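The values are calculated or read from the model by the stated rules, or taken from the named source; none is laboratory data. Because the structure is predicted, anything quoted here is derived from the model rather than measured. Cβ sites come from the backbone with ideal geometry, for glycine too, and all protein chains shown count toward neighbours.
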């Protein structure tokens, strides 16, 4: 593999070493993100054990249709991201750009649907505080569920929005012919981030939408 001095940082001997360092850095970053979301999942588990009836009542009020549609959207976006990487490795400029654009668009669809769901929750008085829709003995647990629901899904949506911007940048780079069999690490790194965000949602989905409907 021929090294291009214009893209090789001075601290590395060759592009292969630089690319390995880039990937290691992304894995380290994702491990910190895993600890962040892991702490939230732990908090959810603790409060779910404390308020099982309240969590079940609140989960039953979530919009299963939107949650399921968003899950399908994200899983499809992961497929598009993987195909975008394959196209980038093959050096097919238009095809790689197409798959990356589709990935970003599907991410935008997810965010739009999530915003619609938040609006429906607001109209249904499912925002913790005065006037909360769920009353009675399950009210305290239900409010805690929705506190965690907004924190976890909101944080996930922020991460996904960042991912949309990153993938859009990758699509522009693909259109400019920046990727080839030797040079595609930015797509690899973007794909790792995107798949991580998708996996987080795969764990969020049953906790939020399914556990109150068994």
*Quick one: residue 188 ticks every box in (1) crowded, with 20+ Cβ neighbours inside 10 Å; (2) assigned to a helix (DSSP H, G or I); (3) at pLDDT below 95 except a single one, so which number is it?*
(1)
_I'd like to check something: does the stretch 150-165 contain any residue that is surrounded by fewer than 19 Cβ atoms within 10 Å (Cβ to Cβ) and not in a helix (DSSP H, G or I)?_
no
_residue 208 vs. criteria assigned to a loop (DSSP other than H, G, I, E, B) and in contact (Cβ under 8 Å) with a residue 60 or more places away in the chain_ = no
*asked:* Taking the condition of being surrounded by 11 or more Cβ atoms within 10 Å (Cβ to Cβ) and either touching a residue at least 40 places away in the same chain (Cβ under 8 Å) or in a helix (DSSP H, G or I) (or both), how many residues in the stretch 122-133 meet it?
replied: 3
*Using beta carbons and a limit of 6 Å, which pairs, at least six apart or on different chains, have the first residue in the stretch 134-145 and farther than 9 Å from residue 57 by Cβ and the second one assigned to a helix (DSSP H, G or I)?*
144/47
